[in-house]
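The values are calculated or read from the model by the stated rules, or taken from the named source; none is laboratory data. No experiment lies behind these values; they were computed from the predicted model shown. Please note: Cβ atoms are built from the backbone with ideal geometry, for glycine as well, and neighbour counts cover all protein chains shown. What goes into the accessible areas is simple: the full protein's heavy atoms, side chains included, and nothing from ligands, DNA or RNA. Shrake-Rupley method; radii C 1.70, N 1.55, O 1.52, S 1.80 Å.
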Amino acid sequence: MQAYFAVSAPGLEAFVAQELLQLGLVERATPTPGGVEFSGDPGALYRANLYLRTASRVLARLGDFQAIGFSELRKRAGRLEWERYLKPGQPVALRVTCHKSRLYHSDAVAERVAAAIGDRLGQPSPQHQPDDDASGPSPQLVVVRLAFDHCTISLDSSGELLHRRGYRLATAKAPLRETLAAALLLASGWDGISPLLDPFCGSGTIPIEAASLALGLPPGRQRRFAFMDWPGFEQATWQALLDQAEQASQRLARAKTGKLCLLASDRDAGAIKLAQANAARAGVADWIEFSCRAVSAIEPPAQPGWLVTNPPYGLRVSPEKDLRNLYAQLGNLLRARCPGWQVALLSSDRLLLGQTGLRLDTSLALVNGGVPVRLGRGRVELPPTKI
C-alpha cells in the first residue's frame, strides 16, 4: 500500500477528509493541518485526483528518513525508488521547507536531493523553480520537508493545482477558486436536490460547482494529471474509472431531469456572459438558469432552498465603497423573499455579515485569494404566525 497526502488550503482539511471518506479511501476521517493522509494502490491515487473537489493537490510519499548532514541526505535520498516516477534526465522542480533542523538551507537541500536523483537514475535531472501559477505541462514537482532533522520526500501526482478544472478560461472580478466554491456548498449542507440561488454569481463558479456536485460529475474529468507521465501509469485502470464515472453521472442526470433548480444572477452583463461560457465548457449549461439582474430583483422559487454566494467584500472589487448598506439590504431581502431558506455567505468581515440581521454561525475560517474570510451560515427565520 502506497502512502498519499491530499493537500488542502487552510480551513478545508475537514472537507477533504469528508470527501475521502465518501470515496472509500479512508476508514476514518482524520484531517491534519494542511491536508489528509490516506493510502492505497494506484487506483486510489487516480480516484483522489479525479473526484476530490476541495483538495489542492495529491502527493505520493516516496520516503522518509533522518538526515543531519548533507552527505547523509544525498545518500539516503539516492536509495529511494525514483524510477517509479521519473525518467532519466527528466526535469524536476524541488520545493523545500526546513523547520528546526540542522539542515536549514533550502537551496542546499534541493541541490543534494537533485544530485541524489541523478545518482539513482544515472543521469542528472535539470532543476526548475516551482510555479503553481503555470499552466500546461511543467517539470515534475518534488516536495521535500525537513522537520526536526526528519526528511519526508513526496512527488506531486496532480500537476496543475486541482482547482483548475479546465472549464474556467475567463473570470469576472475577484474570482472564487473552484475548490473553495465546492467547500462552500459542502459547508452549507446543500442536499443536491433543493433549489440553489447565487445572486452574486460572477463568472459562475458556485452554480457550476453545484451542478457538477448534484450530477456526480468528477471535477477532474476534463484535465490531465502529472501521474499520467509516470513510468508505471496504468492507462486501463484510469480509463475504467472514467467509464464508471460517466455511467454514474448519466444515471444521476436522468434521475434529476426537470427536478434540479439552479439560479445564478449578477448585475454585470459581462460576468453573466463569462459564466454562461464557463458553464458550457463544464457541460452543465443546460442545468443552470443565468440572468443579468441586481440582487434586489431576484425571484426565488416558492420552495425553500439554499442561497450560497460570495458577495463583495470591499477589498478588491470596490474598496472605496461602504458595503454595510448592501449587506443590510440583502438581509431584508432574504427575510422578505426567502423565509425558511438556508444561507451561506462568504465575507472578509464579520461586521458586514452582522449587518444582514440574520443569525449566522461565523466560526468557519477560510482563505480566499490570500484574504482571511469567514463563512456565515444560518437559516432565514420564518415570519411570525398571525393570530
- Message: Rolling a 1.4 Å sphere over the protein heavy atoms, what is the accessible area per residue of the stretch 199-357, to the nearest Å²?
- Response: 46 Å²
- Charge dipole (the chain, unit charges on Cβ, about Cα centre) - positive-most of Leu180, Pro231, Gly43: Leu180
- Three-way shape label, the stretch 191-289, alpha-carbon gyration tensor, a/c 1.5: oblate
- With label points built 7 Å along Cα→Cβ from the Cα atoms of Arg223 and Ala280, find their separation and express it in nm. 2.2 nm
- Message: Checking a compactness column here: for the stretch 108-178, what do you get for Rg(Cα) / (2.2 N^0.38 Å), N being the number of residues?
- Response: 1.45
- Message: Two decimals, Cα atoms only, Kirkwood Rh: what is Rg/Rh over the stretch 149-232?
- Response: 1.07
- Would you kindly compute the Cα radius of gyration of the stretch 232-387 and its largest Cα-Cα separation (Dmax), both in Å? 19.3, 72
- Message: Could you tell me the calculated FRET efficiency between Lys256 and Asp361, based on Cβ-Cβ distance and R0 = 35 angstrom, to the nearest 0.05?
- Response: 0.75
- Give me the accessible area per residue for the stretch 9-55, probe 1.4 Å, as a whole number in Å². 41 Å²
- Message: Give me the percent of accessible area attributable to carbon and sulfur for the stretch 74-160, probe 1.4 angstrom.
- Response: 46 percent
- Note on the structure: Output row, site Asp132, 7 Å Cα→C-beta label point, backbone N cut-off 19 Å, window the stretch 347-387, residues 365-374
- Cα-based Lys proximity count in the chain, under 22 Å, for pairs eight or more positions apart or on separate chains: 4
- Task: Calculate I(q)/I(0) for the stretch 46-168 by the Debye formula, one identical point scatterer on each C-alpha and no solvent, and give its log10 at q = 0.12, 0.15 Å⁻¹ to two decimals.
- Result: -0.45, -0.68
- In whole angstrom, note down how far apart the Cα centers of the stretch 260-314 and the stretch 184-238 are. 17 Å
- Query: Once all Cα-Cα distances of the stretch 1-106 are split into 5 Å bins that start at 0, what whole-number percent is in each one?
  - Reply: 2, 11, 18, 19, 16, 16, 12, 5, 0
- Filtering the chain for DSSP H helices with an axial alpha carbon extent of at least 24 Å and a Kyte-Doolittle mean of at least 0.5 returns none
- Hey, if you drop one equal point scatterer on each alpha-carbon of the stretch 27-74 and run the Debye formula without solvent, what base-10 log of I(q)/I(0) do you get at q = 0.29 Å⁻¹? -1.25
- Over all directions, the stretch 131-270 yields a Cα convex hull whose mean projected area in nm² is 11.7 nm²
- Message: How much of the DSSP bridge set in the chain is antiparallel, in percent, rounded to the nearest 5?
- Response: 60 percent
- Query: trypsin sites (Lys or Arg not before Pro) within the stretch 122-223: which are DSSP loop residues with at most 14 other Cβ atoms inside 10 Å?
  - Reply: Lys173
- Message: If I histogram all Cα-Cα distances within the chain using bins 20 Å wide from 0, what percent of pairs lands in each bin?
- Response: 26, 51, 21, 2, 0
- Query: Quick one: with all protein chains in place, what share of the accessible area of the stretch 225-326 is carbon or sulfur, to the nearest percent (1.4 Å probe)?
  - Reply: 51 percent
- Query: At what distance in nm do the modelled label points of Glu111 and Asn325 sit from each other, each positioned 7 Å from its Cα along Cα→Cβ?
  - Reply: 6.1 nm
